[in-house]
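> Structure provided below as structure tokens; questions to follow.
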Amino acid sequence: MNYDLVMKLALERGFYFPSCEVYGDAKAGFWEYGPSGVSIKNKFLQLWRRELVRRDRMLEIDGSQIMSSSVFEASGHLSSFADPIVKCKKCGATFRADRLISETCQVEIPESAALEEFDKVITEKKLLCTKCQGEFDAAKKFNMMFQVGIGPEAEPAYLRPETCQSIFVDFPRLYKTMRGKLPLGIAQVGKSFRNEIAPRQSLLRLREFYQAEIEVFCNPSKLNEMERFSEVQDTTIRILIDDKIQAMTCKEAVDSNTVPNKLVAYYLGLLSEFYEKTGIDMSKSRFRKLGDKEKAFYADVAFDFEVETTIGWLELVACNYRSDYDLTSHAKKSNEKFEVMDGEEKTLPHVFELSMGIDRSLYTILEHSLKVDKEHERTVLSVKPYLAPIHVGVLSLVKKDGLAEITDEIYLKIKTKVDAFLDHSGAIGRRYRRLDELGAPFAITVDHQTKEDDTITIRRRDSMEQSRIKISELETILSKEISFP
RNA sequence: GCAGUCAUAGUAUAGCCUGGUUAGUAUUCGGGGUUUCCAACCCUGUGACGCGGGUUCGAAUCCCGCUGACUGCACCA
């Protein structure tokens, strides 16, 4: 299925749509989830909690979205999360200063250098705009963080550009009060904010977006002492090696040194098992080991979990081994102690993170699940039943002869237990089609026979098959069919 | 941020070049009928010119600015 059809479905069926769309000054990069989108997002997160947070006994927190300047001084975002740019005075074109200089006069200046360094070279080498030969203005830093003003004096603070910073600064308290033991996973779901230069393609590149992040704190000398590894040692992970995707078990990945240690392999395994259950086509997925130039400024080793879609390979999860970068920086800046006891050993934990993009994951689930069934002239969202925005459609074959009343009764009985949708209007086939597009795995229909023997038909979304069941069996059947794996 | 293309009901589109009736069509959606298990049919109703300015007696239509979408470049910590 392709991007345009997913977009159309999203707009027509309430999955997602542009923010503030009735106003002409609405800015790009902001989208909202409609009812169907929220429903599938909640279920996706429930699956994430089951498969990762609970399974690994992680601690989940919910931190502030606005964080103090000190946090980002320590994290490096104030200096490193910014690009040096120069603007042409004449035509207004902007360029990355470091790239412009290295491309035009082969002088390498690190992007984190002081702004005067860029100005100096531009003046010395008499660099002019490559488009119009105009002169450049002084170099500036474009920081991708949104600054906010706190209180009447508008003292600067920032919207977090990644959720994980609260996990790092909360770590000492959590470790003490929650009786932590390494390795310890701390998880968080929430919004992050980045002032992207060119947001594009709806949910795939947003200025305000959801992340589900997991920071695993571990003892760097015990990365291969991972008891739980046995749970995933036979789980298959797909890794890109020399431009070829190779499927191997987690054990093989460690033994062949493809993945550096058991801890990292364990979490890549968990992540694969999780995504398998979202219904994403895993044969179109890979872990890609990042080269030195691609890695984030804090990462030692990095694997991106990527999935192939009709608009190319999409990064859904960044798996970064951040070493002690964050805890050391925060310890220094805050003068707090971040070392903990691991058995007899005092250690400053290292961090391995799984930073998941929720919006992109949801898009991919939609794209991989959406099918056009030409034979029956219908569009079907074949999502896993436990992720479906609506679990069951509750329909009357016709409104009259008392059928609507029986249908209402059934709906009343189940509506607080499952996501049910009541519909009496129009032709039955049309109602089935609508439910197919919403991804409802089941529809039940009350007909004339119902009045005689208290049975209803239950229709399955993917096969369109129908069978008769007793009304009294409905709840049991539904709860079994839509339960999480 | 740059360049090109584009912007009309929920969705997809016609009309714009050559300014002038009530902005047309398909589908969706609401109500009613018919049918009585897969988008059928009949009646009926709701619904749109992205925003702001200019030209003009008159602007969906011509001009300017802004915003957004798409594609390419750059960017993606």
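> By the scheme Lys and Arg +1, Asp and Glu -1, what is the net charge of all other residues having a beta-carbon under 12 Å from that of residue A:188?
Summing Lys and Arg as +1 and Asp and Glu as -1 gives -4.
> For chain A, find the longest principal axis of its Cα atoms and tell me its angle to the long axis of helix A:325-334, 0 to 90°, nearest 10.
That works out to roughly 70 degrees.
> Taking residue A:27 as the anchor, which lysines have their alpha carbon closer than 28 Å to its alpha carbon, excluding any fewer than eight residues away along the same chain?
Reachable lysines: A:8, A:41, A:87, A:89, A:90, A:131, A:140, A:141, A:191.
> Here's something else I'd like to know. Take the alpha-carbon positions of chain A, form their convex hull, and give its projected area averaged over all directions (one quarter of the hull surface) in nm².
With the hull built on Cα positions only, its mean projection is 29.6 nm².
> Sorted from fewest to most neighbouring beta carbons within 10 Å, what does the list A:278, A:416 look like?
Result, fewest neighbours first: A:416, A:278.
> Here's something else I'd like to know. Compute the helix-to-body angle for A:35-48: its Cα long axis versus the longest principal axis of chain A, expressed 0 to 90° and rounded to tens.
Roughly 70 degrees between the two axes.
> What aspartates and glutamates could a cross-link reach from residue A:333, if we take a straight Cα to Cα line under 13 Å and drop same-chain neighbours fewer than 8 places away?
Cross-link targets: A:73.
> Can you pull the Rg over Rh of region A:374-481, Cα-only, Kirkwood? Before the final figure, lay out the partial values.
Details: Rg = 12.9 Å, Rh = 13.8 Å.
My calculation of the ratio gives 0.94.
> Also, I was wondering about something else. Would you mind working out the magnitude of the charge dipole of chain A relative to its Cα centre, with +1 at each Lys and Arg C-beta and -1 at each Asp and Glu C-beta, to the nearest 20 Debye? Present the calculation step by step, with values, prior to reporting the outcome.
Details: 70 positive and 77 negative charges, 122 e Å.
I would put it at about 580 debye.
> Now for a different question. Ranking A:434, A:160, A:179 by Cβ neighbours within 10 Å, fewest first, what do you get?
Values: A:434 18, A:160 26, A:179 8.
So the ranking, lowest neighbour count to highest, is A:179, A:434, A:160.
> Measuring from label point to label point, each 7 Å out along Cα→Cβ, what is the residue A:449 to residue A:22 span in nm?
Distance between label points: 4.8 nm.
> For residue A:122, what is the net charge nearby, where nearby means another residue's Cβ is under 11 Å from its Cβ and Lys, Arg count +1, Asp, Glu -1?
-3
> Report the charge-dipole magnitude of region A:374-481 in Debye, nearest 20, computed about the Cα centre from +1 at each Lys and Arg Cβ and -1 at each Asp and Glu Cβ.
The calculation lands at about 320 debye.
> Where the centroid of each part is defined by its Cα atoms, how far is region A:281-357 from region A:465-485 in Å?
For region A:281-357 versus region A:465-485, the Cα centre distance is 42 Å.
> Here's another thing I want to ask about it. Roughly what percent of Cα-Cα pairs across region A:199-338 reach past 26 Å?
29 percent
> Based solely on its DSSP helices, what 222 nm [θ] is calculated for chain A when runs of n ≥ 4 H residues each add -39,500 (n - 2.57) and the sum is averaged over all residues, nearest 500 deg cm²/dmol? Each step should come with its number before you reach the end.
Working: 16 runs with 154 residues, N = 485.
Rounded to the nearest 500, it is -9000 deg cm²/dmol.
> Tally Lys and Arg at +1 and Asp and Glu at -1 over the other residues with C-beta under 13 Å from the C-beta of residue A:452: what net charge comes out?
-1
> Say the dipole of region A:15-56 comes from +1 at the beta carbon of Lys and Arg and -1 at that of Asp and Glu; which of A:46, A:16, A:34 then lies farthest toward its positive end?
Checking the options against the dipole of region A:15-56, the answer is A:46.
> Follow-up question, since we're still on this one. Lysines within cross-link reach of residue A:399: Cα-Cα under 28 Å, excluding same-chain residues under 8 positions apart?
Filter leaves A:413, A:415, A:417, A:451, A:470.
> Starting with the fewest neighbours, write out A:137, A:98, A:4 ranked by other beta-carbon atoms found within 10 Å of each beta-carbon.
In order of increasing Cβ crowding within 10 Å: A:4, A:137, A:98.
> In chain A, if the dipole is taken from +1 on Lys/Arg beta carbons and -1 on Asp/Glu beta carbons about the Cα centre, which of A:248, A:427, A:341 is farthest to the positive end?
So the residue we want is A:427.
Computed from the coordinates by the stated procedures, all read-outs in this text should not be read as laboratory data. Fair warning: this is a prediction, and the values are worked out from it, not measured in the lab. Heads up, the Cβs are rebuilt from the backbone with ideal geometry, glycines too, and the neighbour counts pull from every protein chain shown.
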